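The values are calculated or read from the model by the stated rules, or taken from the named source; none is laboratory data. Bear in mind the structure is a predicted one, so any value in this text is a computation, not a measurement. Neighbour counts run over all protein chains shown; Cβ positions are idealised from the backbone, glycine included.
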Amino acid sequence: MALRVAALLATAAATIVMALNKETRTFVVGTVGTTPVTASVTAKFQHTPANVFFVIANAMASNHNLMMIGSDLFGLEFKGFKLPLVAVLDMLNAALLSAGVHGAAFMAQLAKNGNSHARWNEICDNFQGYCNRGGVAILAAYVGLLLTLGITVVSIVKLLKPKPKPQSQPLASEIEVP
Amino acid sequence: MAKIRKAVTVILRLIALAATVVAVVIMVTSKETAHVLNLTFTAKFTHTPAFKYYVVAEAIAGVYTIVALLLSSRSLLARLILILDVVVAMVLTSSISAALAIAQVGKHGNSHAGWLPICGQVPHYCDKLIISLVAGFVAALVYLLLLVYTLRAALSPVFAIKS
């Protein structure tokens, strides 16, 4: 339960930081006569599909954790077929989150180092603030990913632990969401 | 019933193994040299850290699949294999996502960052990459299916109701 709250905080923080990530720099491109011509270049997270997926994946993971915490707080019992559903959803959550985080992480690595073979310049030396905030968002999402993995393991272990006798189901109806 | 369950998991693991092997082999053997304006331009998978990570991750997943196939009869390790399945599924999804992100930039470029697409110069490399990425995606999907199926199979004697 505490794991879920922590994971929710981490993924929500990652979503918000990346979603608000925007930096505008004005460059002096040339001079026409005596007045300098400036061009303003903006770096937004929407420019990169990997970052967009990162925001969406983190938002969905936060939503999932929020629903699980909410259903636990409101006392909905998970009985019968809903118990494996929790574990399966947790696993899918972990997979989705891992995909989002790693896509954005490698895109950030590309932005930071460039790729000389493909003639892709690095952009982090121009957009320091954008890169820093993106890095913080990715770190927060990694923490959320580790916590989500822990949550999944705990869910699976809790599900596989009871060995009920054929006549009754003693523990199955009282297992609550971690 | 147990035999059908075991047969399905073995088949799923074999498909995943085939997919990871295909992904690794095709990505490793993809290399193309292009001549653009008197410049020789080589495209290899080692140029991009994302693809290196992809190859390593798929190789690890392939080795794990072989180990899991050999160990699948021991019920003591069933829980450990399930947990490792979750970890390996996450590794697979992460590697395919990373490789897809870089490949998408390679195919379409990124006009905001001034990155030009490279698929116009090295089309065969791009085609082989596409095949490898599709195989990796299939491996990730099959692993997720395997997870869902294993959990359902492990819990079906416990719960009478099944969704």
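Brief remarks on what is shown
- Just one of the listed residues (A:A50, A:A10, A:A108) is over 30 Å from B:T33 (Cα atoms), assigned to a helix (DSSP H, G or I) and modelled with pLDDT of 70 or more, and it is A:A10.
- Condition broken by B:D85, with the remaining ones in (1) more than 7 Å from chain A (Cβ to nearest Cβ); (2) under 26 Å from B:T42 (Cβ atoms); (3) not small (G, A, S) satisfied: (2)
- When we screen B:V138, B:V142, B:V67 for residues that are without any contact (Cβ under 8 Å) to a residue 60 or more places away in the chain and under 18 Å from B:A19 (Cα atoms), the only hit is B:V67.
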